Amino acid sequence: MTTSQSQSREPTPAASLLRGVVDCVDRRHLEARLNRGEALRIKFGVDPSAPDLHLGHTVPMRLLRRWQLSGHLPVLIIGDYTARIGDPTGRSATRPQLTTEEVDANATTYLDQLFSILDRERVEVRRQSEWYEGFGLDSMLTLARTATVAQLLQRSDFEQRMRQEQAIGVHELFYPLLQGYDSVAVQADVELGGTDQLFNLLRGREVQAAYGQPLQDVVTVPLLVGLDGERKMSKSLGNAVAVADSPQQQYGQLMSIPDQLILRYLELLTDAEPEELTELGRGLEAGTVHPRALKAEMAVRVVGQFHGQAAALAAEAEFLRVHRDKQLPDRVEEVTVGPGPMDVRDLLVAAGMSQSRSEAARLVKGRGVRLDEAVLEDWSALVSYHESSVLRVGPRRVVRLRVG
């Protein structure tokens with residue numbers, strides 16, 4: 001093979017940086033700029049509406065990291081104003097409004113977690129308050145004239161809420177306009193987000209046009225399916241892995257995903273190349289690659305990105321010791337309960353393993369509760385226990401009982 005033939009097969013900068021994206025508007029325009037080697041301002045907005053990020057949030061951040069390594073500048077927008085509204089995307093009801101203090105506290109933890117992926121020294125961090133403090137009524141009316149109510153109500157979540165006769169706050173209509181104006185304030189060349197953000201990102205182009213700026217290109221990435229294998233990862237749905245979780249927590253949660261998600265997690269959460277993913281997929285189909293072994297490899301790769309390889313391998317060893325060898329974890333929480341015998345439902349609630357007696361009954365019916373390695377099957381039984389008895393719920397929740 002000649003040198004010219006080898007070079008001709010190398011991917012262009014655009015092909016490398018746009019690999020795996022879902023939407024790209026305007027693709028031709030953006031590809032041309034990338035292939036010319038222009039240094040672009042890549043806007044990514046985060047609303048600090050909760051204190052923790054989960055792995056789903058890291059999917060666009062990983063793409064942003066690739067762009068950063070190629071010489072482009074990530075511009076992180078801390079939505080300290082829009083967080084008070086709450087993004088209506090995917091919501092069936094108006095979000096509760098946060099206080100300024102809550103938003104500021106969340107923003108601090110957000111940035112700490114974001115910089116576990118991005119190079120802190122090569123990021124421009126901006127807050128909406130820089131331009132919205134003192135944003136008067138005239139300015140707000142000018143911004144409002146960039147869209148019609150009909151255009152803003154076209155988003156699917158608003159249409160669904162109207163069909164269900166759910167309230168839509170006027171302030172919620174301003175969310176995409178405020179996010180759009182952020183692109184004007186920072187003169188964004190590109191805006192990046194999840195596929196569920198496409199409406200908001202495209203609105204940014206319209207706002208830029210109204211203010212006489214060049215239109216940003218828009219790039220979206222896939223949404224990460226949560227641990228349940230059905231819905232997108234969300235802390236409120238209980239199917240999320242938090243970036244701030246311990247190595248042991250992250251590893252154990254990742255090992256619980258359905259087998260059909262293993263390749264998708266490798267694709268979206270690690271640096272696995274397309275060729276490797278194709279080969280692994282063939283191995284799974286042929287039976288030469290065992291799903292459990294591949295899942296363990298994926299979990300080590302993901303945990304290692306946040307906690308280091310040594311911590312990831314230690315988490316794997318702990319998981320095997322507890323789940324394969326049926327030993328107790330190195331650290332077992334101790335809880336104090338009253339003397340027995342006690343109704344098993346009351347015991348689970350007293351030990352903090354269940355929120356209610358009805359939930360406790362469901363856990364027992366599902367054969368998920370063990371006391372000193374004996375499976376509890378009767379949800380209404382009185383159970384006896386002693387000092388240092390071990391109570392387990394499911395594969396990862398373990399406490400040692402203290403009687404007092």
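Bear in mind these aren't lab numbers, they're just calculated from the coordinates by the rules spelled out. Small disclaimer: the values here were computed from a predicted structure and weren't measured. Positions of Cβ are generated from backbone atoms using ideal geometry, with glycine treated the same way; all protein chains shown enter the neighbour counts.
Results, tabulated for the structure shown:
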| item | result |
| --- | --- |
| DSSP-assigned coil residues among trypsin sites (Lys or Arg not before Pro) in the stretch 218-263, each with at most 16 further Cβ atoms within 10 Å | ARG231 |
| Cα-based helix-to-principal-axis angle, 100-114 vs the chain, degrees rounded to 10 | 90 degrees |
| Simple label model, 7 Å out from Cα along Cβ direction - GLU165 to ARG397, nm | 3.8 nm |
| Options PRO74, THR142, VAL349, ranked by Cα towards positive dipole end of the chain, top entry (Cβ charges) | VAL349 |
| Dipole of the stretch 245-323, positive direction: furthest Cα of GLN248, LEU263, ALA293, with charges on the beta-carbon | GLN248 |
| Quarter of Cα convex hull surface for the stretch 113-227, i.e. mean projection, nm² | 9.5 nm² |
| DSSP bridge pairs, the chain: antiparallel proportion in percent, nearest 5 | 40 percent |
| Order by protection proxy (mean Cβ within 10 Å, highest first), peptides 293-305, 182-194, 25-37 | 182-194, 293-305, 25-37 |
| Between helix 274-286 and the chain: long-axis angle, C-alpha atoms, 0 to 90°, nearest 10 | 40 degrees |
| Computed P(r) (all Cα pairs; the stretch 3-221; 5 Å bins; percent) | 1, 6, 14, 18, 20, 16, 12, 6, 3, 1, 1, 1, 0 |
| Translational diffusion coefficient (Stokes-Einstein; Kirkwood radius from C-alpha pairs) of the stretch 167-253 at 37 °C, 0.692 mPa s, in µm²/s | 217 µm²/s |
| For the stretch 245-323, alpha-carbon Rg and Dmax in angstrom | 12.3, 35 |
| Qualifying GluC sites (Glu not before Pro) in the stretch 114-180, DSSP loop, other Cβ atoms within 10 Å at most 14 | GLU133, GLU165 |
| Whole-angstrom Cα spans of the stretch 144-208 along principal axes, big to small | 38, 26, 15 |
| Protection proxy ranking of 212-218, 361-367, 137-143 - average other beta-carbon atoms within 10 Å, highest first | 212-218, 361-367, 137-143 |
| Net charge dipole size for the chain [Lys, Arg +1 and Asp, Glu -1 on Cβ; Debye, nearest 20] | 520 debye |
| Principal axis box of the chain, alpha-carbon based, largest edge first, Å | 75, 65, 40 |
| Dipole magnitude of the stretch 205-282 about its Cα centre (Cβ charges: Lys, Arg +1; Asp, Glu -1), debye to nearest 20 | 400 debye |
| Degrees, to the nearest 10: 291-307 long Cα axis against longest axis of the chain | 70 degrees |
